[in-house]
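Working notes, beginning with the structure itself.
The values are calculated or read from the model by the stated rules, or taken from the named source; none is laboratory data. Computed from a prediction, not measured in an experiment: that's the story for all the values here. In this analysis, Cβ positions are derived from the backbone assuming ideal geometry, glycine residues included, and neighbour counts consider all displayed protein chains.
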Amino acid sequence: MREERRLRILIAKPGLDGHDRGARVIARAFRDAGFEVVYTGCHQTPEQIVSTAIQEDVDMIGLSILSGAHTYSFPRIMELLQENRAADITVVGGGIFPLEDIPWLKDVGIKELFEPGAKLQDIIDWVKGNVQPREAMVA
Amino acid sequence: MNGGQTQASSHRPLRFADYSILRVKAQAMDIIERILAGDVRSTARLLRDIDDHIPSTHDILKRLYPHTGKAYIIGFTGSPGVGKSTLVDQIALRYREKDMTVGILAVDPTSPFTGGAILGDRIRMQRHFLDGGVFIRSVATRGHFGGLTKSTNDMVNVLDAMGKDVILIETVGVGQDEVEIVNTAHTTVMITIPGMGDEVQAMKAGIMEIGNIFVVNKADREGSRKTVRELRNLVELGLRRRDTDGWEPPIIETEAMKGRGVEELHQAIEKHRQYLLGNERGQFDEHLQKRARSQLIEALREEAVKILLQRLEARGLSLDKLVQAVVQKQADPYSLVQDVLDKELR
């Protein structure tokens, strides 16, 4: 029997900073929204994140960042997704980054950026409205 | 493509429906080739489609099946927090050191309320993320009881067909009765920690009976020796009762985080594998039969229920209507089942 296709999301924390409370809160909120959330913990390199996203066949990657490392890791992740023919995976970011970075982060392909104070329900609604579980390989 | 030529040479002209069937077949063949070549992205996508019960995966699984049977399958089970993921990570490392490729299926629970899940077993396996010889997949139980998921056996077959030498399955954190893993794994490692309960807990039927190897992890904690002693009593009693089949389950103390005892565990797994393969009583074959049987029954059950529900639907009897009838006490479930079977299977 065909089951309802479930959204699979990777929550990852690139870079060296170990404060993952935010990532955990969002992972938990996504769980409660009915998504399957792969959570990999802190200190992830862009390469590890992309490899995980592909093996787990996720529809979206949520990146939690507080340290400023987004200037390197976000574009690098987008680059790696391209190289691995996985650019169909939606990437969003959340956490702390200078407002003036938002335009260029969107330019490199980050779909949305959520700042401190973003409401969990708003984030969930954004995901439901903008990310669909991908189609089956053969229908 | 073969199918294409047969169709084209038949006497009637091709219709639109034929083209779409041919396209689907071509796609399926393409996927099969990529999986047999070990392509990660195709494998990952197929596993998702299998988990979601997309009907076309049946055809792909059929064609992959002849390529299965080469991988050695090892199950890791035990209560939540005993260190299953950490031990899987360590054992995967041992096999990688011997240049063997590893597939890992890690099961975590689905929320019964929202259907969502947090799949967190990977946290302990980070060192393998960039190793092309390791494929890790996190799977949610989606309401299935028994320690695995409905899709686990099919997923194992895919990893087997893609050429993984060893497949490690980490069950969901189990309680007392989730013993499905024995039907899937060749070797089952049952993991516990010191202080999980008194001797009576170890005497109970169910989960404590299924280990081919027992591990007392976090063995630096107080009471480890006592837990080992209790397990040894249990194992020895079991051996006497079972008219020893020649395998005495070893009990191994480990500190998975530090890697202590892991080499011993790895050797024990390999010893059990040798034992199964060289066993005169044909236990390896017995195991193959057990696994085939449970897969067959599972598949039959699923198809049979699907067909029955379709036939009922065709008579205007939806499952919902039957449920309502039972809830409102117009019928009881026993007579309903009898009635459905009488009408549909005769």
Is the stretch B:180-193 home to any residue that is touching a Gly at 6+ places or on another chain (Cβ under 8 Å) and on the phi > 0 side of the Ramachandran plot? no
Is there a residue being among the β-branched types (Val, Ile, Thr), modelled with pLDDT of 95 or more and within 20 Å of residue A:35 (Cα to Cα) anywhere in the stretch A:67-88? no
Among the helices (runs of 4 or more DSSP H) contained in the stretch A:50-139, which hold 3 or more residues that are in contact with a Lys or Arg (Cβ under 7 Å, 6 or more places away or on another chain) and either within 30 Å of residue B:23 (Cβ to Cβ) or free of Cβ contacts under 8 Å to residues at least 24 places away in the same chain (or both)? none
Note down all Cβ pairs under 8 Å where the first residue falls in the stretch A:26-38 and is within 14 Å of residue A:114 (Cβ to Cβ), the second is assigned to a helix (DSSP H, G or I), and they're at least six residues apart or on different chains. A:26/A:120; A:26/A:123; A:29/A:120; A:29/A:123; A:29/A:124; A:30/A:124; A:30/A:127
For residues in the stretch A:31-49 being surrounded by fewer than 24 Cβ atoms within 10 Å (Cβ to Cβ) and not in a helix (DSSP H, G or I), which is modelled with the lowest pLDDT? A:41
Of the residues B:230, B:236, B:178, B:199, which single one is closer than 22 Å to residue B:271 by Cα and at pLDDT below 90? B:236
Which residue out of A:77, A:65 is under 15 Å from the mean Cα position of the chain (by Cα), more than 14 Å from every other protein chain (Cβ to nearest Cβ) and surrounded by 22 or more Cβ atoms within 10 Å (Cβ to Cβ)? A:65
Restricting attention to the stretch B:243-255, does a residue exist that is over 30 Å from residue B:95 (Cβ atoms) and modelled with pLDDT under 85? yes
Going through the stretch A:80-102 in order, the residues found to be among the acidic types (Asp, Glu), over 14 Å from the mean Cα position of the chain (by Cα) and within 14 Å of chain B (Cβ to nearest Cβ) are A:83
Output the residues belonging to the stretch B:45-60 that are more than 13 Å from residue B:24 (Cα to Cα), acidic (Asp, Glu) and part of a helix (DSSP H, G or I). B:49, B:51
Set A:96, A:61, A:54: member being β-branched (Val, Ile, Thr) and either modelled with pLDDT under 95 or over 30 Å from residue B:102 (Cα atoms) (or both): A:96
Return yes when residue B:79 is free of Cβ contacts under 8 Å to residues at least 12 places away in the same chain, surrounded by fewer than 23 Cβ atoms within 10 Å (Cβ to Cβ) and of a type outside the set (A, V, I, L, M) and no when it is not. no
Pairs under 9 Å by beta carbon, first residue within 18 Å of residue B:186 (Cβ to Cβ) in the stretch B:285-304, partner among the hydroxyl-bearing types (Ser, Thr, Tyr), six or more apart or different chains? B:291/B:184; B:294/B:184; B:295/B:184
Confirm whether residue B:191 is surrounded by 24 or more Cβ atoms within 10 Å (Cβ to Cβ) and either aromatic (Phe, Trp, Tyr) or closer than 16 Å to residue B:38 by Cα (or both). no
Mind listing whichever residues of the stretch B:61-120 are of a type in the set (Ser, Thr, Tyr) and away from chain A (no Cβ under 14 Å)? B:65, B:68, B:72, B:77, B:79, B:95
Return the residues of the stretch A:1-51 that are farther than 21 Å from residue A:125 by Cα, more than 7 Å from chain B (Cβ to nearest Cβ) and acidic (Asp, Glu); say none if nothing qualifies. A:17, A:20
Residues that are closer than 20 Å to residue B:174 by Cα and of a type in the set (D, E, K, R): which strands (runs of 3 or more DSSP E) entirely in the stretch B:79-162 hold 1 or more of them? B:102-108, B:134-140
Residue hits (the stretch B:163-179; in contact (Cβ under 8 Å) with a residue 40 or more places away in the chain, outside any strand (DSSP E or B) and of a type outside the set (S, T, N, Q)) are B:163, B:164, B:165, B:172, B:173, B:174, B:175, B:178
Kindly indicate which of B:258, B:290, B:343 is modelled with pLDDT of 85 or more and basic (Lys, Arg). B:258
